[in-house]
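Contents: one structure, followed by commentary.
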Amino acid sequence: MRATFPLALAIMVAPAISAQTNSASTLQFGADHAIEADQDGREHVARIVQSGTANTSISTQTAGLRSEVRVDQAGVGNGAIISQQGDIHDAFLTSVGDGNLVDVTQTGRFGTAYMDILGDRNDLTVDQDGGANRAYFRRGFTGVEIEGDDNVGLIQQAGDLLATKLVIGGDRNTADVDQSGELNQAKVFLGVPGTIYRVEDAAVTVVQNGDRHFAQFRQVDGSQTIVSINQSGADQTAWSRARGDSNTLSFDQSGADNQIGIGPAQPFSVIGDSNLATVTQTGVGAIAMASIRGDGNVSVTVQN
């Protein structure tokens, strides 16, 4: 079933619409909004509230049962695209500001995404494919926990004093974190202590632009992981601990007084066999400390 509600000019209330016990309801205040709700399956729920000007929400729930979408947008020119396919997904979004864009895709079963955005021009993508995935986004802090295979997590943050923590358990997962501003933190952990210890074929990229950022990477155990951490600016700090075989770790810092592997019991450490670790630091006052244990490992550090 599809319910389309374009261009609400003042206040519009659409009664719940149901087919096969699905329901969709909307409430809009302001001008030039657009809503599309498409439901196919059983016991799905979509509730959308928009206020301000020119906000757009597109909700698609296909097949499966008992998935729920809740969208509350306030401001100017915000966009939300949420697609659910499968069973028992939850996607809850509150967005207050201008020019924010959220794109959520959930397939499989038991995907959960809670997103709370306060600010302007934020861009958030959540892609959950599998079972028991969880993503949490709120202003100043993003926490994403992925358990399953073939997932993609993309996080972009602009501003100061922001923090991201990614915890990944499963195989062939991809995680990208992009931060700009000052005093931001990005932490990426492969492996879920007490649940999932070994992670295979992961790809992790962290990019931080600005000054006084902190990046931390930890791998409990695994192989064929590719990690790239790039920090541009002054007074950057990066920590890394990786255990496993045939992993590739690359750290690149440009600017003054940057550090890798310096801190309380937090060296740049690699434990395992046939790993490749590369450190490149450009600028004055750079410090790097590394610990490599195992057979057939290669470590390269370049400072200029």
Given backbone amide H placed at 1.01 Å from N, residues whose amide H is under 5 Å from that of GLY294, ignoring those fewer than 5 places away on the same chain, are GLY272
Karplus-derived 3J(HN,Hα) from phi for the stretch 233-248 (6.51 cos²θ - 1.76 cosθ + 1.60, θ = phi - 60°), whole Hz, x at Gly and Pro, runs x, 9, 6, 8, 9, 9, 10, 8, 9, 10, 10, x, 10, 6, 9, 10
Spelling it out for GLY153: with amide H atoms placed in the peptide plane at 1.01 Å from N, the residues 5 or more places away or on another chain with amide H under 5 Å from its amide H are THR174, ALA175, ASP176
Quick calc, the chain, dipole around Cα centre from Cβ unit charges on Lys, Arg (+) and Asp, Glu (-), nearest 20 debye, gives 540 debye
Quotient of Cα radius of gyration and Kirkwood radius for the chain, i.e. Rg/Rh, equals 1.06
Any residue on another chain or 5+ positions along whose placed amide H is under 5 Å from the amide H of GLN303 is listed here as GLN281
Neighbours of ASN173 by Cβ distance under 9 Å: Lys/Arg at +1, Asp/Glu at -1, summed charge -3
Karplus-derived 3J(HN,Hα) from phi for the stretch 179-187 (6.51 cos²θ - 1.76 cosθ + 1.60, θ = phi - 60°), whole Hz, x at Gly and Pro, runs 10, 9, x, 9, 6, 8, 10, 9, 10
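Each value in this text was obtained by applying a stated rule to the coordinates, not by laboratory testing. Keep in mind that this is a model prediction, so the values were computed, not measured. So basically every Cβ, Gly included, is an ideal-geometry build from the backbone, and we count neighbours across all protein chains shown.
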